[in-house]
Amino acid sequence: MNDDTANNDSAEADVHGHVAVEVTTLDAELIEGPSVATADIAEYAVWLGDDSLVLAQQLGAWISRAPELEEDVALGNVALDLIGHARSLLHYAGTATDRSEDDLAYWRTEPDFRSLHIVEQPNGDFAHTIARQFVVSHYLFELYSRLRASADPTLAAIAAKAVKEVDYHRDHSTQWVLRLAEGTDESRRRMITAMSDLWPYVEEIFRDDPLIDRLEGIAVRPSSLRPAFDSAIAPVLAEAELDIPVGFVASGGGRTGKHSEHLAFLLAEMQVLTRAHPGASW
Amino acid sequence: MTSTITPDMSVPAAISVEEQQFNDLLEADSRIEPRDWMPEGYRKSLVRQISQHAHSEIIGMQPESNWITRAPSLKRKAILMAKVQDEAGHGLYLYSAAQTLGATRDDMTDALIAGKARYSSIFNYPTPSWADMGSIGWLVDGAAICNQVPLCRASYGPYGRAMVRICKEESFHQRQGFEILLELMQGTDEQRQMAQDSVNRWYWPALMMFGPPDDDSPNSAQSMVWKIKRHSNDELRQRFVNMLVPQAAVLGVTLPDPDLHFNEETQQWDLGVIDWTEFHEVLAGRGPNNAQRLQRRRDAHDEGQWVREAAAAYARKQSARTEEMAAS
């Protein structure tokens, strides 16, 4: 239906005609491509896919509860982008073991997830959600910028699409960090608390793992992203007059299946219906 | 000003030049725009209708957002997120359309969370099962489309144009609901039962979405004269049922009306008697989820207060800085 037909009676007779909306289909290169991931590449794709999935799941819980309608829309957008990245990455990972994106999302248990602890941290108040978004989207932007040059064409294609989207996420969270830090006394206090609550989980993002050594030229070395991440966030924190929080560094371990307590609850909710109906399709 | 709605527009008493122009625009099926003169009753009636519609979109996010975190596949999760996000977007366009008539978003929001404004009663029903995502799309959005497509031609420009965009997205919503049910009906016994149970719960409330029967609909007559509304409640309800019957057959679900039958004479599907007592109960705030829906909206509003204040304070500081820089 288009604007013209909506304005005449024929549209009234035909409103239930087929309307194609493509937000839900995976990109052609993923579905039709002959590429099958190796075990190591699949493991790496699961790392990145799980981060996106867990974060999208958390942001999805904001929809209909955001501080203003514009944020229901914005956080929904970010969540949708992340679900898209997760689906592409998990679909690709699944090619190594003949599993679907849903097999990986719904039928793995906690120790088989590879998400970072920072994405597992709860939504908290809006400042906590923003602090988490600020850190993760700056990291993802640096990551996907480099992953575009991966020797693996599928990862490169996924990164090329994702980088444009996380660039928007980066901008969205940056604007909110500034607003909250410089807004009212209360918002500033909450922003400082949120940053200091989240900061212990930053270091894990940039830790290397033997897997990365085996994927030279294909994966992006996490530690190599730290300088770019630090220089990207520094001017924002300076403008917001926020100090980099000092305190303990969390032990992490998400990449080897050691998770925060939060993940099990998140997965229980996410997987409950699917697991009640083994073999069903939806 | 008291509301003096007189359904008879043909009163020959002296009418102003502006009023004549307004009547001429209606007569010619042209759009009335925000800058045009309009009768106070027309303005009020539109603000009431548009803001109720906006509130319905906003409250309507809740029964579906319940299932975002539990959607049974990533594809369904993505579709559902996109759908609920569309509803927030619809709420935003509609509030903007009402703002062109002088209503403020703060006042409209306050009226909603104070429980003074109405929204579609359909959203006061619970969504205990995944199949309800299907029924809401197929039945609730389906009914909404039948109601809303004629509104694309509503005489008030900003409303009609907002509705064009909304209707496009609603037909996607209806389609995805139908697909959810189709998938369930082609699935396991448990899935089929889930779908039928859900259709049983949503069918009658969806029919009530068209509003009371024509002989009991106080605002309809004037709205039709003003070309805000173009078809009567019963006419639209009939159109909807005629459309549903073949779709139910494709799905393989039974519509829960033992009296539903095809009338050879009128070539329409005659339906059984609607239990309006239930409609009035829900409308009066005594439906299954009225209190919960309003409470959640109020909580989101209250908990977001500090964020909105921060954004406003930041914007003031930024503009003060800009002015200082311009002055120096």
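Taken together, the values in this text are just the output of simple stated rules run on the coordinates, not laboratory data. Values in this document were obtained by computation on a predicted structure and should not be read as measured data. Positions of Cβ are backbone-derived with ideal geometry, glycine not excepted, and every protein chain shown enters the neighbour counts.
Brief remarks follow.
- Here B:SER232, B:SER96, B:SER135 are placed in order of increasing Cβ neighbour count within 10 Å, fewest first, which gives B:SER96, B:SER232, B:SER135.
- At least 24 Å along the helix axis (C-alpha) and Kyte average at least 0.0, DSSP helices within chain B: B:233-251
- Distance between the 7 Å Cα→Cβ label points at B:ASP302 and A:GLU186: 1.2 nm.
- For A:GLU216 and B:GLU324, the FRET efficiency from 1/(1 + (r/R0)^6), where r spans their Cβ atoms and R0 equals 30 Å, is about 0.05.
- Per-residue average of Cβ from other chains inside 10 Å of B:86-92: 5
- Mean residue ellipticity at 222 nm, helices only, chain A: -20000 deg cm²/dmol; runs of at least 4 DSSP H residues each add -39,500 (n - 2.57), and the sum is divided by the number of residues.
- Derived scalar couplings ³J(HN,Hα) [segment A:223-240; Karplus, 6.51 cos²θ - 1.76 cosθ + 1.60; whole Hz; x for Gly, Pro]: 4, 6, 8, 4, x, 5, 4, 4, 6, 6, 7, 4, x, 5, 5, 5, 5, 7
- Per-residue [θ]222 nm for chain B (sum of -39500 (n - 2.57) over DSSP H runs n ≥ 4, rounded to 500): -20000 deg cm²/dmol
- Positive-end extreme of charge dipole, chain B - chosen from B:ALA291, B:PRO39, B:ALA248 (charges on Cβ): B:ALA291
- Extension gain, B:VAL17 to B:GLU235, is 75.0 nm, computed as 0.36 nm per intervening residue step minus the present C-alpha separation.
- When the Gaussian network model of chain B links Cα atoms closer than 10 Å, the mean-square fluctuations of B:LYS317, B:LYS227, B:LYS116 top out at B:LYS317.
- Amide H within-cut-off set for A:LEU116, under 5 Å, with H built and near neighbours excluded: A:ASP51
- The gain in end-to-end length when the A:PHE265 to A:ASP171 segment is fully stretched comes to 30.8 nm, 0.36 nm per residue minus the alpha carbon separation.
- Taking a Cβ cut-off of under 11 Å around A:ARG226, the surrounding Lys, Arg, Asp and Glu residues balance to a net charge of -2, with basic ones at +1 and acidic ones at -1.
- R0 of 41 Å, Cβ-Cβ distance B:ARG105-A:PHE248: FRET efficiency to nearest 0.05: 0.40
- When each of B:VAL84, A:VAL73 is scored by the number of other beta-carbon atoms lying within 10 Å, the sequence from fewest to most is A:VAL73, B:VAL84.
- Taking the Cα centre of segment B:251-299 as reference, the dipole from Cβ charges on Lys and Arg (+1) and Asp and Glu (-1) amounts to some 740 debye.
- Summarising the label geometry, the points placed 7 Å from Cα in the beta-carbon direction at B:ASP259 and A:ALA39 lie 6.9 nm from one another.
- In terms of other Cβ atoms within 10 Å, A:ARG189, B:ARG31 run from fewest to most in the order A:ARG189, B:ARG31.
- Extension gain, B:ALA315 back to B:ASN200 (0.36 nm per residue minus Cα-Cα distance, nm): 36.4 nm
- Two-site FRET efficiency, B:ILE274 against A:ASP98, from Cβ-Cβ distance with R₀ of 45 Å, rounded to 0.05: 0.30
- Leading residue at positive end of dipole, chain A (Cβ point charges), from A:ALA234, A:GLY253, A:LEU59: A:GLY253
- The dipole here belongs to segment A:207-282: it is taken about the Cα centre, uses +1 on the Cβ of Lys and Arg and -1 on the Cβ of Asp and Glu, and is about 440 debye.
- Between B:THR266 and A:ALA280, the distance separating the two model label sites (each 7 Å from Cα on the Cα→Cβ line) works out to 3.8 nm.
- Separation of segment A:216-245 and segment A:123-141, taken as the distance between their Cα centroids, equals 14 angstrom.
- Computed from point charges on the beta carbon alone (+1 for Lys and Arg, -1 for Asp and Glu), the dipole magnitude for chain A about its Cα centre is near 920 Debye.
- Here's the picture: charge each Lys and Arg Cβ at +1 and each Asp and Glu Cβ at -1 in segment A:17-276, and of A:ALA151, A:LEU75, A:GLN175 the one pushed furthest to the positive end of that dipole is A:ALA151.
- Built amide H within the under 5 Å cut-off of B:LEU260, gap 5+: B:GLY272
- Between B:ILE32 and B:TYR156, B:GLY157, the built amide H atoms are under 5 Å apart, and every one of these is 5 or more places off in sequence or on another chain.
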